[in-house]
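First comes the structure, then the notes that go with it.
The values are calculated or read from the model by the stated rules, or taken from the named source; none is laboratory data. Quantities reported herein were computed from a predicted structural model and do not represent experimental measurements. With ideal geometry, Cβ positions are generated from the backbone for all residues, glycine too; neighbour counts draw on all protein chains shown. Remember, those area values only see protein heavy atoms, side chains included, never the ligands or the DNA or RNA. Shrake-Rupley method; radii C 1.70, N 1.55, O 1.52, S 1.80 Å.
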Amino acid sequence: MEPVKLSRLLCRAKALLSCRGLSSSVRPNQRATARTEEFRARVAAGPHLKEFVSPASEGPVPSSVEEEEDAPHYITDSPTPTYNKVYFETYGCQMNVSDTEIAWSILQKSGYVRSQSAAEADVILLVTCSIREKAEQTIWNRLKQLGYVKRKRHKSQGPLRIGILGCMAERLKEEILQREKMVDILAGPDAYRDLPRLLSVAETGQQAANVLLSLDETYADVMPVQMSSSSVSSFVSIMRGCNNMCTYCIVPFTRGRERSRPVHSILEEVRMLSSQGVKEVTLLGQNVNSYLDTSSVDFPSTNTLHLSRGFSTIYKPRQGGLRFVDLLDQVSRIDPEMRIRFTSPHPKDFPDEVLQLIRGRQNICKQIHIPAQSGSNGVLESMRRGYTREAYLDLVQNIREHIPGVSLSSDFITGFCQETEEDHQQTLALLRDVSYNAAFLFAYSMRKKTKAFHRLNDDVPPEVKKRRLEELIAVFREEAEKVNQRAVGSTQLVLVEGTSKRSSSELCGRNDGNTKVVFPDLPVANDLLLGNDIRARPGDYVLVKIISSNSQSLRGTLLGPARLQSSPAYS
């Protein structure tokens, strides 16, 4: 046999040993010994290496060997796990909640069972966030706690395996494995299919990692399994990654480039959730409203930019395909009694046709998230956001003209590189000008790999960032209280979520604008059941008369059951 081909065969044999988790570093415990003996028995029963090596006089290698060139160099199936109770801890954004459901779906099919507590688990997986330093520090602190649990674990319980999943695994990679020796596996956001194999390798005492980013992975064929079977709402991931490359943002480096999940896969999941009684679905993506599916149908090419007026983008416009407005239209038709939300969008992707659809479709919530990040043109340019303060305010006005009574929410970063006091005051003024129902406010945290890290100076002192953040929070609450006060006296359609955290005698839910509404858990008359009183349950729509408010929530009295499509709250 030629030396090159012999070398390839030896490499495949080595890959086989690696994927089965067998190596000279296996600990000499009883289970490892049994697996070694099983492997030796398989080798003894199989062909000898000489059978793969033909003398030169016998002619060329048989074609059957040559045809194996396209065979994978690793084994995709893994043995049934021995210690198979897995526990998830999810940190960060809603996308991580969706990723947890995807990872759980994959592990469930591989023989794992879900543990209800970390103390009973054989595998603890942390689904992590890297968007800010504080989010990562939370994970480092948690790893110290888990390290103590791992060291104190009794041998009779078997080994405890700890895994880091998601953005932090992607961003830090080797640093985690070197700094925290108790971490057994790393899996980036595009590597969840590989979790069974990684855990199989970890059973042998080795660390295992897969943090490769993909250009096409959307998990379209993986049906997520909800972590809570009783939940009345669910997240549905429709696209992954981001192309915007804002200077402050780590997402393009931890989640990769934008790619959209095929529309038929999304519709299938939403239909399934509807059949399970889910009453609210939130479509998810890092830049959710830039969705574009060209995977399954031929569409005419077009160079038309579907952007909000006055907005620009740094990446080349994509041609053809089903866009976000098409998907939103089809999703909202599946179940008229199911609310549809979406997050997180970019302000540039709100053309008029999207706003017109939201206004005309009753089950698409009249609540829009439009991240501003700053109210200063100088800071917006430095962030590379693709719009000015004036263009943003024009968009807000256009949204309110298309969708009367719309609820608006936003994101703001304070203390970005070279932000002046005047820049800060302009952001405070924008908060007052728009009057958001909700806002997510953060002090800037420099992230490695971002353009800001390489080209800008993080020169705003921490104490200044803290003071500016406190001022943003104060102004936001002041304005949100005014917004909520205007709802007092109105009748709101509320989707009941469950018992209030503060009182077992009260229920809570959310209105169309995604504001929390609290009301007494009292029986109400049901017109459909003559004279029979009923109590509201999670998943029910009810009418609530608002009697008071604060910056965070509304409080009211229960009027009775309702249906979304026939609710007088929308008349």
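Quick one: dipole size for region 102-181, taken about the Cα centre, charges +1 on Lys/Arg Cβ and -1 on Asp/Glu Cβ, in debye to the nearest 20.
Details: 16 positive and 8 negative charges, 62 e Å.
Here region 102-181 has a charge dipole of around 300 debye.
Please sort 453-466, 356-369, 118-131 by packing, taking for each peptide the average over its residues of neighbouring beta carbons within 10 angstrom, highest first. Please list the in-between numbers first.
Values: 453-466: 13.2, 356-369: 19.2, 118-131: 21.4.
Sorting 453-466, 356-369, 118-131 by mean packing, highest first, produces 118-131, 356-369, 453-466.
Out of residues 5 or more away from LEU559 or on other chains, whose amide H comes under 5 Å of its own, with H placed 1.01 Å from N in the peptide plane?
Under 5 Å from the amide H of LEU559 lie the amide H atoms of LEU543, VAL544, LYS545, each far enough along the sequence or on another chain.
Beyond 30 Å between alpha-carbons counts as too far, so tell me which of LYS85/LYS181; LYS134/LYS366; LYS144/LYS348; LYS466/LYS516; LYS173/LYS348; LYS150/LYS173 fall in that bin.
Working: LYS85/LYS181 21 Å; LYS134/LYS366 32 Å; LYS144/LYS348 42 Å; LYS466/LYS516 28 Å; LYS173/LYS348 33 Å; LYS150/LYS173 21 Å.
Pairs exceeding 30 Å: LYS134/LYS366; LYS144/LYS348; LYS173/LYS348.
Can you work out the Karplus-derived ³J(HN,Hα) for every residue in region 343-359? Use 6.51 cos²θ - 1.76 cosθ + 1.60 with θ = phi - 60°, whole Hz, and x for glycine or proline.
Coupling constants for region 343-359: 6, 9, x, 10, x, 5, 9, 10, x, 4, 5, 5, 5, 5, 5, 4, 5 Hz.
Just reorder GLU353, GLU479 by solvent-accessible area, largest first, 1.4 Å probe, all chains present. Before the final figure, lay out each step's value.
Details: GLU353 70, GLU479 15 Å².
The residues order as GLU353, GLU479, largest area first.
Taking all pairs of distinct Cα atoms, average 1/r, flip it, and tell me the Kirkwood hydrodynamic radius of region 156-255 in Å to one decimal place.
Numbers: mean 1/r = 0.0651 Å⁻¹.
That comes to 15.4 Å for region 156-255.
Please list the three semi-axes, largest first and in whole Å, of the ellipsoid equivalent to region 359-509, using sqrt of 5 times the eigenvalues of its alpha carbon gyration tensor.
Values: eigenvalues 204, 76, 43 Å².
The answer is 32, 20, 15 Å, longest axis first.
For a quick check: with amide H placed at 1.01 Å from N, whose amide H comes under 5 Å from ARG384's, ignoring anything fewer than 5 positions away on the same chain?
THR247
Amide H to amide H, which residues 5 or more places from ARG114 or on other chains are under 5 Å from it, using H placed in the peptide plane?
VAL86
Figure the gain on full extension for GLN145 and LYS448 (residue separation times 0.36 nm, minus the Cα-Cα span) and round it to one decimal in nm. Don't skip to the answer; put the middle values down first.
On the way: separation 303, 0.36 × 303 = 109.08 nm, distance 2.62 nm.
Length gained between GLN145 and LYS448: 106.5 nm.
Rounded if a/c is under 1.5, else prolate if a/b is larger than b/c, else oblate: which is region 187-229, with a ≥ b ≥ c the root eigenvalues of its Cα gyration tensor? Write down the numbers at each step before the final one.
Details: a/c = 2.89, a/b = 1.35, b/c = 2.14.
Oblate.
Can you quote the Å³ per residue value for the convex hull of the Cα atoms in region 389-434, rounded to an integer?
Convex hull of Cα atoms, per residue: 75 Å³.
Accessible area per residue of region 440-565 at 1.4 Å probe, in Å²? Numbers along the way, then the final one.
Working: 7110 Å² over 126 residues.
With all protein chains present, region 440-565 gives 56 Å² per residue.
Could you please report the charge total around THR218, scoring K, R as +1 and D, E as -1 over all other residues with beta-carbon less than 15 angstrom from its beta-carbon?
Working: positive: ARG193, ARG240, ARG255, ARG257, ARG259, ARG261; negative: ASP99, GLU101, ASP190, ASP216, GLU217, ASP221, GLU258, GLU268, GLU269, ASP293.
So the environment of THR218 carries a net charge of -4.
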